[in-house]
Amino acid sequence: MAIEAINGVPGVPRVRCICDGCAREEVVTCDYEHGRGHVWVPKEGQAVRKMVGRGWGQVKARLLCPACEAARRASIFRRGAATCSPSTAAKGEGDGMKKTIEPSRQAPRTPTLAQRHEITGMLMLSYDHKAGRYTGAETDKTIAEAIGGGCMPGWVAEIREANFGPAGGNEEIEAIRAEIAALSARLDRVCAAVGPRAR
């Protein structure tokens, strides 16, 4: 790392930072501290932080200007791209960056017979047929979580749709909707009482 002290300018502590890749130089203000033998030396950490803030890069003990840092990152990207997908590169499909998506060889997961029975039992307890919605704060997700064992909310929704009806929310959602409607009506009454200045 090339950070050199600049002497001869009183009152302005500065250092010269030199790129280890192309020898580009840039001057930045930096504090000094006592080094060995009571010699004033620049605080290299402070200078490096300022240079990194200006777009320079620090790799191990090397300080790189923005151009050299960009070239270093590009070479890393190119090396990573070459090893990214050897299967597509071996097939000769371009530069190896294309990603092929193969369909899963396994069939989609389905609930077991025991899980279907548990889902049906939970739906019987928590679904209101007359209202066409869940009771309380139940949803497909909360029922799946209550059953556990890897039960998916999609399975609950599928069985509910086929045997019980639409989701239609739940009692808690209906209560919140009613409260919002009441607050909206109250706000409209207040705005009407205040007049056109309220809008």
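The values are calculated or read from the model by the stated rules, or taken from the named source; none is laboratory data. Not measured: the values here are computed from a predicted model. Positions of Cβ are generated from backbone atoms using ideal geometry, with glycine treated the same way; all protein chains shown enter the neighbour counts.
Scan segment 155-162 and give yes if some residue there is outside any helix (DSSP H, G or I) and either surrounded by 10 or more Cβ atoms within 10 Å (Cβ to Cβ) or among the basic types (Lys, Arg) (or both), otherwise no.
So far as segment 155-162 goes, no, none of its residues is outside any helix (DSSP H, G or I) and either surrounded by 10 or more Cβ atoms within 10 Å (Cβ to Cβ) or among the basic types (Lys, Arg) (or both).
Of everything in segment 50-65, what is in a helix (DSSP H, G or I) and farther than 16 Å from ALA2 by Cβ? Give them in sequence order. Give the steps one after another, and end with the answer.
Step one: list which residues in segment 50-65 are in a helix (DSSP H, G or I), which gives 50-53.
GLY53, the sole residue that qualifies.
Looking only at segment 1-19, which residues are at pLDDT 90 or above and either in contact with a Pro (Cβ under 6 Å, 6 or more places away or on another chain) or not basic (Lys, Arg) (or both)?
Matches in segment 1-19: VAL15, CYS17, ILE18, CYS19.
Given (1) of a type outside the set (Lys, Arg); (2) out of contact with any strand residue (DSSP E or B) (no Cβ under 8 Å at 6 or more places or on another chain); (3) under 30 Å from HIS117 (Cβ atoms), where does VAL190 come up short, assuming only one miss?
(3)
Which one of these is of a type in the set (D, E, K, R) and at pLDDT 90 or above: ARG24, ARG79? Full working, then the answer.
Details: ARG79 fails: at pLDDT 90 or above.
None of the other options fit; the residue is ARG24.
List pairs: first in segment 44-67 and within 11 Å of ILE18 (Cα to Cα), second among the aromatic types (Phe, Trp, Tyr) and surrounded by 15 or more Cβ atoms within 10 Å (Cβ to Cβ), Cβ under 6 Å, 6+ apart or cross-chain?
Short answer, once both residue conditions are applied: CYS65/TRP56.
Residue pairs, Cβ under 9 Å, 6 or more apart or interchain, first in segment 17-38 and under 17 Å from VAL59 (Cβ atoms), second surrounded by fewer than 11 Cβ atoms within 10 Å (Cβ to Cβ). List them.
Note: pairs meeting the criteria are ASP20/ALA61.
Which residues, taken from segment 108-117, are of a type outside the set (S, T, N, Q) and surrounded by 19 or more Cβ atoms within 10 Å (Cβ to Cβ)?
Our first condition is that a residue be of a type outside the set (S, T, N, Q); within segment 108-117, this holds for 108-109, 111, 113-114, 116-117.
Result: PRO111, single match.
Tell me which residues, restricted to segment 133-149, are out of contact with any Pro (no Cβ under 6 Å at 6 or more places or on another chain) and surrounded by 13 or more Cβ atoms within 10 Å (Cβ to Cβ). It would help to see each step written out before you state the result.
Just the residues of segment 133-149 that are out of contact with any Pro (no Cβ under 6 Å at 6 or more places or on another chain), to begin with: 133-139, 142-143, 145-149.
Correct list: ARG133, TYR134, THR135, GLU138, THR139, THR142, ILE143, ALA146, ILE147.
So that you can scan it fast, the table gives a plain yes or no per residue for (1) over 28 Å from the mean Cα position of the chain (by Cα); (2) among the acidic types (Asp, Glu); (3) over 16 Å from GLU174 (Cβ atoms):
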residue	(1), (2), (3)
ILE101	no, no, yes
ALA114	yes, no, yes
THR120	yes, no, yes
LEU123	yes, no, yes
SER126	yes, no, no
HIS129	yes, no, no
GLY132	yes, no, no
THR135	yes, no, no
GLU138	yes, yes, no
